[in-house]
Each structure stands twice: as structure tokens, then as C-alpha cells.
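The structure appears right after this line, and notes come after that.
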Amino acid sequence: MVFAGIYLFCHLTPERAIRTDLFFRRYIIGALKTEISPWKDKYFCKNSGIGSDFIAVRKGELGLWHIDYKNSGVG
């Protein structure tokens, strides 16, 4: 039950989904300090140390946000 609550909290907004993804990809400090700027369906990350320049997100089941790895990358 607690895990489900944490999962929901981490995927309610695109920014939280991105920060959660960065955290689990071992960019722990980057997950906290990266500036995330929205533009259409992509979010630009102002931190060259995290790998991707932009991260695409999509709204999935139950209205939760998920990373769209296929459309993310370096611009």
C-alpha cells in the first residue's frame, strides 16, 4: 500500500516523473538540482551531466506521467 502511494506521488506531474527517473538512473544530485523547462510534449533539462538534453513524457494509464524513452535524447 505504501509503495502504491509513493508510485502515485512520483508520477502525478511530468516534472516528478523526470526527477524520479533521474534518481533511479543514479543522477541523485541531478534529480534534485536540474532545472526542468517544459516545451510542448518535451521537457528540457538544464544540466549537461545527466546525459539527455530533453526528455519526452507521455500521459499513461490512470493519468500518470511516464518517460517516453523513444522520443527523448540529445538535441
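Kindly identify the chain as rounded, prolate or oblate by the Cα gyration tensor criterion: order the square roots of the eigenvalues as a ≥ b ≥ c, call it rounded if a/c is under 1.5, otherwise compare a/b with b/c, prolate if a/b is larger, else oblate. Oblate. The angle separating the long axis of helix 14-24 from the principal Cα axis of greatest extent in the chain is about 80 degrees. Label separation (residue 29 vs residue 1): 3.9 nm, computed from points 7 Å beyond Cα along the C-beta direction. The length gained on full extension between residue 69 and residue 15, counted as 0.36 nm times the residue separation minus their Cα-Cα distance, comes to 17.9 nm. Exposure proxy for 11, 66: other Cβ atoms within 10 Å of each Cβ, ordered fewest to most, give 66, 11.
Coordinate-derived values only; no laboratory data. Here the structure is a predicted model, which is why all the values come from computation and not from measurement. Cβ atoms come from the backbone with ideal geometry, glycine included; neighbour counts cover every protein chain shown.
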